[in-house]
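Undergrad: The structure that follows is given in the form of structure tokens.
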Amino acid sequence: MQMTQCFDLQLLAEAVNKHSNGASLEMNVKKTKTMVITKFPPKATSIKIKGNRVYCFEKEAFITLANGQECQTQQLGASWTSDIQATCYLECMIRYPETCQSIVYNAGTKTCTPGGVAFHPLQFYTASIPRANSPDQIYFAKQPVPPCDTSSGNFDLYDVCGVSLCLHVSSSPDDYFRAKTNCNQMGSRLFIANTIARLSVFEAVAMDYAKPYTWVGLTDIDDEGKFVWDNGEPLSDEQAQYTWVPEQPNGGDGQDCVRLKYNEGGLNDRYCNSIYDYICEPYNAYTEN
Ligand SMILES: [Ca+2]
Ligand SMILES: [Ca+2]
């Protein structure tokens, strides 16, 4: 259940002008002459920042306060001071137009920290904010919703920390190859956990469905030690930092298929003939980003 924060754009515009970093913000506005904040019909807001970039948000999708510690993010750069969380988010979008997707805001100190895509906390990924027991709060922007044909009953939309994925959760476990074939027969592939946000949704859904062991679309079956996602993309060094649980992969030639064990918080190479549950994602619901 999401709590939605809504903002009156007139107030927002005034707040931006009175912003504690107003000087630099104003300078930006004057220099480019492109930043306008306009009151639109109540359904959507439009904020034009730099060049021709126009940000449109449904009211519900502006920024959403996460409950407690259910979401985290990766810090994009140094913090600054903002009067309210809305101006914090606006300035985050100005400074990081391509990557700002969330903010961490401390209402007491008014500290604003820019963040990337929000994700469910991952046990072995410690470089994330806010930290547990921190008074800081995370607000996230909802990400685009993928196409999802739910009419067959095979697929459902899952939303975790504003990241939406169209998924099929297996009703019974199978070995890796049969799991992969079953996904293919539904016009889908084994899930690819190639970003922190995607791994976190995968883990959250597996936990939700009480599937402790779940195949993911990743193997080194063709070339021992070189793990490749089910879409042909090799596992990068950066991905390897957050995917594996400590001391994995350890199976050498014997273990060439990869599963999530959710209470371990990451991936482990296993024997391909092991019997586990699995999660599929339609081919057309996955977009590179
Ligand atoms: Ca192997
Ligand atoms: Ca292993």
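The values are calculated or read from the model by the stated rules, or taken from the named source; none is laboratory data. This is a predicted model, so every value here is computed, not measured. Every residue, glycine as well, gets a Cβ built from its backbone with ideal geometry; the counts of neighbours run over all protein chains shown.
Undergrad: For F177, all conditions in the list (1) under 24 Å from T243 (Cβ atoms); (2) buried (at least 18 other Cβ atoms within 10 Å of the Cβ) hold save one; what is the number of the exception?
TA: Result: F177 fails condition (2) only.
Undergrad: Now for a separate question. Applying the selection to the stretch 254-265, what residues are part of a helix (DSSP H, G or I) and either at pLDDT below 90 or charged (D, E, K, R) (or both)?
TA: Hits for the stretch 254-265 are Y262, N263, E264.
Undergrad: Take the stretch 241-277 and flag every residue that is away from ligand 1 (no atom under 14 Å from the Cβ) and under 20 Å from the mean Cα position of the chain (by Cα).
TA: Quick first cut of the stretch 241-277, residues away from ligand 1 (no atom under 14 Å from the Cβ) only: 241-243, 245-247, 260-266, 275-277.
Listed by number, the residues that qualify are Q241, Y242, T243, V245, L260, K261, Y262, N263, E264, G265, G266.
Undergrad: Scan the stretch 269-284 residue by residue and report those that are surrounded by fewer than 21 Cβ atoms within 10 Å (Cβ to Cβ) and either near ligand 2 (Cβ under 10 Å from one of its atoms) or β-branched (V, I, T) (or both).
TA: Within the stretch 269-284, Y271, I275 meet the criteria.
Undergrad: Can L167 be described as touching a residue at least 24 places away in the same chain (Cβ under 8 Å), within 19 Å of I275 (Cα to Cα) and crowded, with 17+ Cβ neighbours inside 10 Å?
TA: No: the conditions fail for L167.
Undergrad: Mind checking whether some residue in the stretch 204-213 is away from ligand 2 (no atom under 14 Å from the Cβ), in a strand (DSSP E or B) and of a type outside the set (K, R)?
TA: no
Undergrad: Also, quick follow-up: Hey, does the stretch 198-212 have a residue that's in contact (Cβ under 8 Å) with a residue 12 or more places away in the chain, of a type in the set (A, V, I, L, M), assigned by TED's automatic domain parsing to the domain that holds Y271 and in contact with a Ser or Thr (Cβ under 6 Å, 6 or more places away or on another chain)?
TA: Yes, the stretch 198-212 contains a residue that is in contact (Cβ under 8 Å) with a residue 12 or more places away in the chain, of a type in the set (A, V, I, L, M), assigned by TED's automatic domain parsing to the domain that holds Y271 and in contact with a Ser or Thr (Cβ under 6 Å, 6 or more places away or on another chain).
Undergrad: Which of the numbered conditions does D269 fail, given that it passes all the others? Conditions: (1) over 14 Å from K180 (Cβ atoms); (2) of a type in the set (D, E, K, R); (3) out of contact with any Cys (no Cβ under 8 Å at 6 or more places or on another chain).
TA: Status for D269: all satisfied but (3).
Undergrad: Moving on. Hey, among the residues in the stretch 278-289 that are closer than 14 Å to A193 by Cβ and of a type in the set (F, W, Y), which one's nearest to ligand 1 (Cβ to nearest atom)?
TA: Among residues in the stretch 278-289 that are closer than 14 Å to A193 by Cβ and of a type in the set (F, W, Y), the one nearest to ligand 1 (Cβ to nearest atom) is Y278.
Undergrad: When you scan the stretch 220-258, how many residues do you find that are over 25 Å from S188 (Cα atoms) and either within 16 Å of ligand 2 (Cβ to nearest atom) or in contact with a strand residue (DSSP E or B) (Cβ under 6 Å, 6 or more places away or on another chain) (or both)?
TA: So the answer is 12.
Undergrad: Then there is this: Please specify each residue of the stretch 234-253 satisfying the condition of being loosely packed, with under 14 Cβ neighbours inside 10 Å and part of a loop (DSSP other than H, G, I, E, B).
TA: If the condition is that a residue be loosely packed, with under 14 Cβ neighbours inside 10 Å and part of a loop (DSSP other than H, G, I, E, B), then S236, P246, E247, N250 are the ones that fit.
Undergrad: For residues that are assigned to a helix (DSSP H, G or I), out of contact with any Lys or Arg (no Cβ under 7 Å at 6 or more places or on another chain) and at pLDDT 90 or above, tally how many sit in the stretch 266-289. So that I can check it myself, show each step before the final result.
TA: Keep residues of the stretch 266-289 that are assigned to a helix (DSSP H, G or I), which gives 283-285.
Keeping just the survivors that are out of contact with any Lys or Arg (no Cβ under 7 Å at 6 or more places or on another chain) gives 284-285.
From what's left, at pLDDT 90 or above: none.
Of the residues in that region, 0 qualify.
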